[in-house]
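Q: Following this message is one structure expressed as structure tokens.
Derivation of every value follows stated rules applied to the coordinates shown; laboratory data play no part. It should be emphasised that the depicted structure is a prediction, and the values quoted were computed from it without experimental measurement. Heads up, the Cβs are rebuilt from the backbone with ideal geometry, glycines too, and the neighbour counts pull from every protein chain shown.
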Amino acid sequence: MQTTGAKATSFRRKDLLGLAELSREEIQAILDTAVSFKEISTRSIKKVPTLRGKTVITLFYEPSTRTRTSFEIAAKRLSADTVNLAIAASSAVKGETLIDTAKNLEAMRPDIIIIRHSFSGAPHLLAQRLHCSVVNAGDGLHEHPTQGLLDLLTVWEAKGRLHDLKVAIVGDIAHSRVARSNIHGFRTMGSQVIVAGPQTMLPPYLPDLGVEVSYSLPEAVRGADVIMMLRLQLERQGQMFFPTLREYSRFFGLNQGHLALARPEALVMHPGPLNRGVEIAPEVADGLQSVILQQVTNGVAVRMAVLYLLSGGEQSGAAA
Amino acid sequence: MELLLKGGLVLDPSQDLEERRDLLIIDGRLAALVAPGTLPPEGRQVVDLTGLLVCPGLIDMHTHLREPGQEYKETIATGSQAAAAGGFTAVACMPNTLPVNDSATVTRYILEKAAQAQGVRVYPVAAISQGSEGAILAEYGDQKEAGAVALSDDGKPVANSQLMRRALEYARTFDLPVISHSEDLSLTSNGVMHEGLVSLQLGLKGIPAAAEEVAVFRDIELARLTGARLHIAHVSTAGSVQIIRRAKSQGIKVTAETAPHYFSLTHEAVRGFNTNAKMSPPLRTEADVAAIKAGLADGTLDCIATDHAPHSVLEKEVEFDRAANGVIGLETALGLSLALVQEGILTLAQLITKLSANPARILGVPGGTLQVGAPADITVIDLQRPWIVDVQQFKSKSRNSPFHGRNLTGRAAMTLVDGKILYRDNENFSR
């Protein structure tokens with residue numbers, strides 16, 4: 001893997017809300033920083049003092065284990081103090097507004113608030129009103145920028161480049177913030193993206209985002225360098241999106257046979273949690289081409305990089 | 001007291017008149033409309049309107065006054081002040097109050113409040129169904145006697161086609177027009193903005209244009225079936241314009257309105273999750289805006305109505321999905337509509353007709369003319385006046401406008417109802 005020489009200074013923003021608004025240089029700067037942070041997680045003492053004295057709050061209005069834990073570990077490895085708030089959506093409906101909650105938290109002087117919310121745009125609402133940094137940890141159907149970044153990092157490590165790749169994203173694109181962030185990320189870095197699924201899950205106007213659209217999984221994975229399977233939200237069954245899990249998995253579940261159509265070294269990715277046997281066959285998820293667990297490892301590095309850069313990237317050597 | 005309005009350019013499409021005239025108002029009625037300088041000023045209150053345009057009073061046939069029930073958003077008194085400041089002399093108020101205006105009692109309450117407010121004329125629109133719940137017809141006969149001028153379940157479209165048929169038939173019995181909020185809610189599903197590239201990018205659930213168009217088509221076919229008078233509210237899509245144009249060419253008794261935001265903004269205004277750009281129907285595309293303008297130009301769309309829908313910060317400073325639908329419009333409608341004249345889409349006479357005579361005719365209410373003998377409901381407009389929309393200056397209780405900061409040319413200089421000056425712009429009458 002060759003670093004581009006882009007320095008951390010290319011990323012200077014108060015908030016990280018999405019990949020749509022980031023330039024190629026900004027994305028590269030985050031990835032470069034993440035690479036330099038990866039080594040910390042391999043040490044026996046996995047901690048550097050970089051963000052000592054900084055306070056990071058995670059504010060999760062949607063259940064999440066992996067993303068929240070990943071952010072928390074990232075903050076702790078940089079020596080930031082972390083506080084986790086999980087707010088049941090139902091109690092938020094009854095009580096305090098999002099803005100009030102956030103303003104109350106800000107009154108305690110945190111440096112960064114990381115928010116996940118089931119409504120698109122909720123992080124933007126906070127970012128406009130708060131002085132501290134806001135990180136979008138997934139908003140509705142809109143974006144999940146750190147997932148997109150960790151996916152880019154994983155592919156970059158495996159392929160040595162992020163341009164001129166063919167990336168197939170398969171599944172419920174309509175309801176996927178992971179898909180949106182990856183579409184923006186891979187397109188900005190110069191790769192080709194093809195999305196596939198039943199038309200019920202492919203919203204109109206996708207071609208206007210610069211992606212190719214297919215209703216066929218074999219067609220989408222043919223010649224692909226990267227195959228990204230999306231998690232099927234099981235409750236969509238019976239909601240007019242697809243008739244049965246059986247038929248979905250028959251036509252849009254990735255199996256060993258499909259891999260033969262892709263490029264020989266094609267990567268198999270999945271943002272998790274997996275529905276084994278639905279969108280991905282177990283032997284593919286655990287197979288040699290799967291980088292699903294590398295994605296999780298890279299999640300910590302990418303989130304360390306994001307927290308560090310939003311804090312101003314104060315220390316000169318990124319890895320301190 | 002006699003009032004002499006002198007020196008203005010009088011534009012009254014109802015009498016094909018566009019020239020300088022003086023107007024004499026006696027006891028709230030137009031007593032004379034004569035060549036400038038003909039009438040002596042002695043013994044009369046005189047207002048000099050030189051350089052200003054004098055029109056029949058503007059009528060907004062689609063307003064939400066929020067009273068009774070949501071007085072923190074707007075009251076009949078504040079809504080009336082906002083209307084007068086925007087150049088309107090009359091408003092028709094939609095029945096989605098708390099309680100819903102589905103009985104003569106509510107209509108009488110509204111009229112009583114309006115009389116107390118001593119502002120613009122207020123014409124209640126009564127509910128189609130009890131509680132606007134779409135199940136049982138409301139009492140149209142009672143409502144008409146009490147003063148309701150039309151029927152609508154605005155905001156809660158009639159889902160049941162059979163109920164809509166019966167509503168049209170029963171409305172025809174009492175010669176009341178039915179105003180259709182045309183929306184197939186099953187297609188809207190939980191959509192919060194127009195379905196297009198912007199909704200895809202923002203990850204907001206989309207409402208396809210078809211959600212409006214299938215409902216417009218249904219109601220037009222029911223108007224054909226029943227012979228009732230149908231009026232389509234807040235037309236927002238190119239397809240709806242086309243369906244209405246075809247229906248009119250076939251002689252179906254259908255009329256239609258659009259609102260200024262549907263020819264002034266597109267779904268791009270939602271970017272940044274701007275809840276002040278959230279309304280029902282939603283802002284559409286450039287192509288829809290072009291079709292709305294064409295529909296206004298060729299007469300397919302009879303009226304421009306505001307769909308003034310006040311909401312407080314409680315409903316708007318929240319997540320986009322949770323935000324209430326609606327924008328205020330009484331104080332920006334005229335300025336935004338005059339842009340159509342400046343762009344050459346409508347003549348000034350066409351515009352004024354769509355803002356006065358046409359709504360008067362559809363609702364069957366007085367107004368829309370400056371004929372001698374008519375009530376002196378008059379709007380005076382400064383066509384040249386440049387101004388910047390500032391929501392803090394609004395008379396409305398609410399501030400939910402997507403037009404804050406916009407540069408407009410032309411606004412109301414004076415508004416008179418029954419010959420009484422309800423509003424005057426100090427810039428024009430500083431003396």
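Q: Only residues of the range B:5-32 count here: report those whose backbone N is under 16 Å from the spot 7 Å along Cα→Cβ of B:GLN371, or say none.
A: B:12-17, B:29-32
Q: Moving on. With θ set to phi - 60° and the Karplus curve 6.51 cos²θ - 1.76 cosθ + 1.60, what are the ³J(HN,Hα) couplings of the range B:265-274 in order, to the nearest whole Hz, using x for Gly and Pro?
A: Running phi through 6.51 cos²θ - 1.76 cosθ + 1.60 with θ = phi - 60° gives 9, 10, 4, 4, 5, 6, 3, x, 6, 6 Hz.
Q: What FRET efficiency comes out for the pair A:LYS14/A:ASN104, r = Cβ-Cβ distance, R0 = 25 Å, nearest 0.05?
A: According to the calculation, E is roughly 0.80.
Q: Counting Lys +1, Arg +1, Asp -1, Glu -1, what net charge surrounds B:ALA126 among other residues with beta carbon under 12 Å of its beta carbon?
A: Net charge around B:ALA126: -4.
Q: What residues qualify as long-range amide H neighbours of B:HIS62, i.e. H under 5 Å apart, gap of 5 or more or another chain, H built at 1.01 Å from N?
A: B:ALA92, B:THR306, B:ASP307
Q: Which residues' amide hydrogens lie under 5 Å from the amide hydrogen of B:ARG229, considering only partners 5 or more residues apart or on another chain, with H built in the peptide plane?
A: B:VAL178
Q: Stokes-Einstein D for the range B:123-262 at 4 °C, 1.567 mPa s, Kirkwood Rh over Cα pairs, in µm²/s? Kindly include the intermediate steps, with their values, before the conclusion.
A: Working: Rh = 15.5 Å.
The diffusion coefficient I find is 84 µm²/s.
Q: Could you compute the FRET efficiency for B:GLN393 and B:ASN190, with r as their C-beta to C-beta distance and R0 at 56 Å, rounded to 0.05?
A: 0.95
Q: Same structure again: Where does the charge balance sit around B:PHE217 when Lys and Arg score +1, Asp and Glu -1, over other residues with C-beta under 13 Å from its C-beta? List each step's numbers first, then the result.
A: Values: positive: B:ARG218, B:ARG224, B:ARG245, B:ARG246; negative: B:GLU183, B:ASP184, B:GLU212, B:GLU213, B:ASP219, B:GLU221.
Neighbour charge sum, excluding B:PHE217 itself: -2.
Q: Another question about this same structure. Give me the net charge of B:VAL149's neighbourhood, meaning all other residues with Cβ under 11 Å from the Cβ of B:VAL149; Lys, Arg count +1, Asp, Glu -1.
A: Values: positive: B:ARG121, B:LYS144; negative: B:ASP175.
Overall, the nearby charge balance is +1.
Q: Among A:LYS166/B:LYS278; A:LYS76/A:LYS159; B:LYS73/B:LYS156; B:LYS113/B:LYS156, which pairs are too far apart, with a Cα-Cα distance over 27 Å?
A: Working: A:LYS166/B:LYS278 37 Å; A:LYS76/A:LYS159 30 Å; B:LYS73/B:LYS156 19 Å; B:LYS113/B:LYS156 25 Å.
Violating the 27 Å Cα-Cα cut-off are A:LYS166/B:LYS278; A:LYS76/A:LYS159.
Q: Something else: Show that you can apply the helix-only estimate: for chain A, add -39,500 (n - 2.57) for every DSSP H stretch of four or more residues, divide by all residues, and state [θ] at 222 nm to the nearest 500.
A: Rounded to the nearest 500, it is -10500 deg cm²/dmol.
Q: Averaged over its residues, how many other protein chain Cβ atoms are within 10 Å of peptide B:319-326's Cβ atoms?
A: Details: counts 15, 8, 7, 6, 2, 0, 0, 0.
Averaged over the peptide's residues, the number is 5.
Q: For peptide A:120-126, what's the mean number of Cβ atoms from other chains within 10 Å of each residue's Cβ?
A: Across the residues of A:120-126, the mean count of other-chain Cβ atoms within 10 Å is 6.
Q: With each run of n ≥ 4 DSSP H residues scored as -39500 (n - 2.57), what mean residue ellipticity at 222 nm is computed for chain B after dividing by its residue count and rounding to the nearest 500 deg cm²/dmol?
A: My calculation for chain B gives -8500 deg cm²/dmol from helical runs alone.
Q: How high is the relative contact order of the range B:57-363, given as a whole-number percent (alpha carbon pairs under 8 Å, six or more residues apart)?
A: 17
Q: Any idea how far the Cα center of the range A:172-193 sits from the one of the range B:105-140, in Å?
A: 51
Q: Report the residues of the range A:204-221 in range of a label on A:PHE251: point 7 Å along Cα→C-beta, backbone N strictly under 11 Å from it.
A: From the range A:204-221, the list is A:215-217.
Q: How compact is the protein assembly as shown by the rule of thumb for globular proteins, expressed as Cα Rg over 2.2 N^0.38 Å?
A: 1.12
Q: Let me ask something additional. Using alpha carbon centroids, what distance separates the range A:6-48 and the range B:394-429, in Å?
A: If we compute the Cα centre of each part, the gap is 52 Å.
Q: So, one more: Pick from A:GLY138, A:GLY197, A:GLY95 the residue whose mean-square fluctuation is largest in a GNM of chain A, springs joining Cα atoms under 10 Å.
A: A:GLY95
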